[in-house]
Amino acid sequence: MTRDDEIEVAPETAVAPGQLGKLELMKRIAAASKAGDNVGDAGIYKLELVGGMEPDDPRMKELLAPVAGYHPRVDLDALADLAPGSLGREYADHMRLYGLHPLNVSPQLLGIARAYPLGARYLVTHDLFHTILGFDTSAAGEVGVYAFAAGQGYSRGLTRAYRTSVVAFALYCPHRIGDLLRARRWGLAMGRAAAPLITCRFEERWEQPLADLRAEYRIEPAPTRDGTPPA
């Protein structure tokens, strides 16, 4: 598989950090959100607009070096042909079950993506986190994934996003407050116990059994089908 950062990009088409003003960024976010193949571009533009959620700990910055600017394109059709139980097949099944599309990033935006290694990597792998951690896409599942990231200690920005998500989802669906709190506890516990998942080059491991990857990173997934741990 060709790495996106190995693709030659014409200088006149590449977008550098700080090149675009806020109004232009907002226009491009709106346009990219409707795009079919590179919907991840909207997220990259958002990172540039509001600033990334970059790590404060120098050790985390060092751990992120192997995945900075590493955003290979994802082909769900190819992943769906892999063996059942493999990381790629489970991810493809998850994405199709919930009607989601991979957040592929245009090569022209890799300059911006490299400026925000944590934010960009978390953006394009967020749905993979759902697959690996066993959380669905419900409010409780989203809280669980954010809680995992907070437990891993990626950055203060992601920890703030986690806390905001708990409050926002609790207000949005108060009837599921118990599920939200259980997913929060489970996600935090998984994050604190696991090796740094954000540093994994998942795209080089599509054929690996998901169970093996979980064992390697010390992850015990949420035990129920909807990703909500039992009381």
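The values are calculated or read from the model by the stated rules, or taken from the named source; none is laboratory data. What you see is a predicted model, and the numbers here were worked out from it, not measured in a lab. Heads up, the Cβs are rebuilt from the backbone with ideal geometry, glycines too, and the neighbour counts pull from every protein chain shown.
Structural remarks
- Matching option when the condition is within 24 Å of S138 (Cβ to Cβ), crowded, with 20+ Cβ neighbours inside 10 Å, under 16 Å from the mean Cα position of the chain (by Cα) and not basic (K, R), among V74, V105, V67: V74
- The range 209-219 - residue that is in contact (Cβ under 8 Å) with a residue 24 or more places away in the chain and over 20 Å from R121 (Cα atoms) and, of those, surrounded by the most Cβ atoms within 10 Å (Cβ to Cβ): P209
- Of residues in the range 15-43 being buried (at least 17 other Cβ atoms within 10 Å of the Cβ) and not in a helix (DSSP H, G or I), the one modelled with the lowest pLDDT: N38
- In summary, helices (runs of 4 or more DSSP H) completely within the range 137-220 and bearing 2 or more residues that are of a type outside the set (A, V, I, L, M) and more than 29 Å from D77 (Cα to Cα) occur at 139-152, 156-172, 177-193.
- Just one residue in the set V145, V166 is in contact with a Leu (Cβ under 8 Å, 6 or more places away or on another chain) and without any contact (Cβ under 8 Å) to a residue 24 or more places away in the chain; that residue is V166.
- For the range 52-64, filtering for residues that are free of Cβ contacts under 8 Å to residues at least 60 places away in the same chain and either within 18 Å of the chain's Cα centre (by Cα) or under 17 Å from W206 (Cβ atoms) (or both) leaves 1.
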